[in-house]
Amino acid sequence: MADKGRTHLKTLIRRSAIQKRVREVAQQITKDFKGERVHLVGVLKGACIFLSDLIREIDLEVSLDFIAVSSYGKDKQSSGQVRVLKDLDSSIEGLNVILVEDILDTGLTLSYLQRILLQRRPRVLKVAALLDKPSRRLIKDIRGDYIGFPIPNEFVVGYGLDYAERYRNLKDVCILSLPPE
Ligand code: 5GP
């Protein structure tokens, strides 16, 4: 069970604020791609909740695919090594692709994904991310086109984000502080 009642979880962004902002981001996408089709590529697993809320608010013809890359595992620090664990099911050539990420942190994952996806010649490649920690960026020119919330340098869980596969089902985005070992 997600033990939200315990002191190591502190709410950062409430469910109602997330819902409102996701709707705004979807409206912006709908406006930017008016009359066109968009192909959403969700980055598993963290983006799954954001993606499933976002897609239902986009008023366009939408198709969907997923890619999975190696993540932190049980560690809170990025190893800097990115690896594709599950590739896309179909070609993205000529499509309006929106890569849907949970959070932009150092930018290493996004930089890698942009590199491999651009080689497949989409018509455009945009990036939507629920959260952004700009102060942590190691790769300078990495940025999202549609950002839900900029956040401070804290480790967050909930609304799809995990720590060692836990807490993804929290409705709010919460700051996780682990007790010293
Ligand atoms: P980056 O490659 O930008 O450093 O990290 C991107 C990935 O690291 C995210 O997609 C996410 O899986 C993970 N990550 C970065 N910051 C956090 C965080 O605060 N909480 C969680 N749960 N994952 C994070």
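Within segment 117-135, residues that are modelled with pLDDT of 95 or more reach partners that are among the acidic types (Asp, Glu) and crowded, with 17+ Cβ neighbours inside 10 Å with beta carbons closer than 6 Å, at six or more positions or on different chains, in the pairs Ala129/Glu101; Leu130/Asp102; Lys133/Asp105.
The one condition from (1) within 12 Å of the ligand (Cβ to nearest atom); (2) buried (at least 20 other Cβ atoms within 10 Å of the Cβ) that Leu108 does not meet is (2). The set of residues from segment 125-158 being aliphatic (A, V, I, L, M) and within 16 Å of the chain's Cα centre (by Cα) comprises Leu125, Val127, Ala128, Ala129, Leu130, Leu131, Ile142, Ile147, Ile151, Val156, Val157. Within segment 38-49, residues that are within 13 Å of the ligand (Cβ to nearest atom) have Cβ atoms under 6 Å from residues that are part of a loop (DSSP other than H, G, I, E, B) and of a type outside the set (S, T, N, Q) in these pairs: Gly46/Gly160; Cys48/Gly160; Ile49/Tyr159; Ile49/Gly160, counting only partners at least 6 apart in sequence or on another chain.
Would you say Arg23 is surrounded by 13 or more Cβ atoms within 10 Å (Cβ to Cβ), assigned to a helix (DSSP H, G or I), more than 13 Å from the ligand (Cβ to nearest atom) and touching a residue at least 24 places away in the same chain (Cβ under 8 Å)? In short, yes.
Which one is surrounded by the fewest Cβ atoms within 10 Å (Cβ to Cβ), of the residues in segment 132-148 that are within 10 Å of the ligand (Cβ to nearest atom) and in a loop (DSSP other than H, G, I, E, B)? Working first, answer last.
Residues of segment 132-148 that are within 10 Å of the ligand (Cβ to nearest atom), as a first pass: 132-133, 136-139, 142.
The next check asks that each one be in a loop (DSSP other than H, G, I, E, B); those that pass are 133, 137-139, 142.
On the way: Lys133: 19, Arg137: 17, Leu138: 12, Ile139: 15, Ile142: 17.
Within segment 132-148, the match that is surrounded by the fewest Cβ atoms within 10 Å (Cβ to Cβ) is Leu138.
Test Leu161 against the criterion of being near the ligand (Cβ under 8 Å from one of its atoms), within 13 Å of the chain's Cα centre (by Cα) and surrounded by 20 or more Cβ atoms within 10 Å (Cβ to Cβ), and give yes or no. Taking the combined requirement at face value, the residue satisfies it.
Counting only residues that are among the hydrophobic types (A, V, I, L, M, F, W, C) and modelled with pLDDT of 95 or more, segment 136-150 holds 2 of them. Restricting segment 149-158 to residues that are assigned to a strand (DSSP E or B) and more than 27 Å from Asn96 (Cα to Cα), the residue that is farthest from the ligand (Cβ to nearest atom) is Gly158. Tell me, please, whether a residue that is in contact (Cβ under 8 Å) with a residue 60 or more places away in the chain, crowded, with 16+ Cβ neighbours inside 10 Å, near the ligand (Cβ under 8 Å from one of its atoms) and within 17 Å of Ile67 (Cβ to Cβ) can be found in segment 168-176. Taking every residue of segment 168-176 in turn, none turns out to be in contact (Cβ under 8 Å) with a residue 60 or more places away in the chain, crowded, with 16+ Cβ neighbours inside 10 Å, near the ligand (Cβ under 8 Å from one of its atoms) and within 17 Å of Ile67 (Cβ to Cβ).
The values are calculated or read from the model by the stated rules, or taken from the named source; none is laboratory data. Quick caveat, the model's predicted, so the values are computed rather than measured. So basically every Cβ, Gly included, is an ideal-geometry build from the backbone, and we count neighbours across all protein chains shown.
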